[in-house]
Amino acid sequence: MLKEFKAFIARGNVIDLAVGVIIGAAFTAIVKSLTTDLINPLIGLFIGKIDLSGLVFTVGSAHFKYGLFINAIINFVIVAFVVFLLVKAINRIVPKKEAEETKPVPTPTETYLAEIRDLLKEKS
């Protein structure tokens, strides 16, 4: 079982995924800082509050922190946009296989039928 686990971990896809997760976590920290330290103060200038995370409304004893939710939405939009740009750039770099290049290999039955067809054409 340990040998199978080593083979699984050593595969390229798992290592690529691990690198992607680590870079994604670091990138998320950068985006969170961008949102908290740069975008929120800019939005706060127009709303009148500097810190959006402090926006709360209370109903009874429940506190709804909608400012934190706004921060999370801004973070998500930024990360989603950057991932979109990354995928778009990768799609430009990696060539697509053309349908003409990947012609299907005929089955033995199709080969025999083609030979029979050719023989019948010769006799006619």
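Applying a length cut-off of 15 Å (Cα extent along the axis) and a mean Kyte-Doolittle floor of 0.5 to the DSSP H helices of the chain leaves 12-34, 66-93.
Full extension of the chain segment joining Phe46 with Ala29 gains 3.6 nm, where the gain is 0.36 nm per residue of separation less the Cα-Cα distance.
Projecting the Cα atoms of Ala18, Tyr66, Leu85 onto the dipole axis of the chain, where Lys and Arg carry +1 and Asp and Glu carry -1 at the beta carbon, places Tyr66 farthest toward the positive end.
Please work out how much length the chain gains when fully extended from Ile22 to Phe8, using 0.36 nm per residue of separation minus the C-alpha to C-alpha distance, in nm with one decimal. Intermediate results must be reported in sequence, preceding the final value.
Working: separation 14, 0.36 × 14 = 5.04 nm, distance 1.89 nm.
Going from the current span to full extension adds 3.2 nm.
For Tyr112 and Ala89, the difference between the fully extended length at 0.36 nm per residue and the C-alpha to C-alpha distance is 3.7 nm. Normalised by the number of residues in the chain, the average gap of Cα pairs under 8 Å and 6 or more apart makes the relative contact order 14 percent.
Once the mean 1/r over all distinct Cα pairs of the stretch 2-94 is inverted, what Kirkwood radius in angstroms do you read off? Let's see the in-between values first.
Numbers: mean 1/r = 0.0615 Å⁻¹.
Mean inverse Cα-Cα distance, inverted, gives 16.3 Å.
Between Ala89, Ala62, Ala80, the Gaussian network model of the chain with springs among Cα atoms under 10 angstrom shows the greatest mean-square fluctuation at Ala62.
The numbers here are math on the coordinates, done by the rules we state, and not lab data. Predicted model, so just to flag it, every value in this text is computed and none were measured. Positions of Cβ are generated from backbone atoms using ideal geometry, with glycine treated the same way; all protein chains shown enter the neighbour counts.
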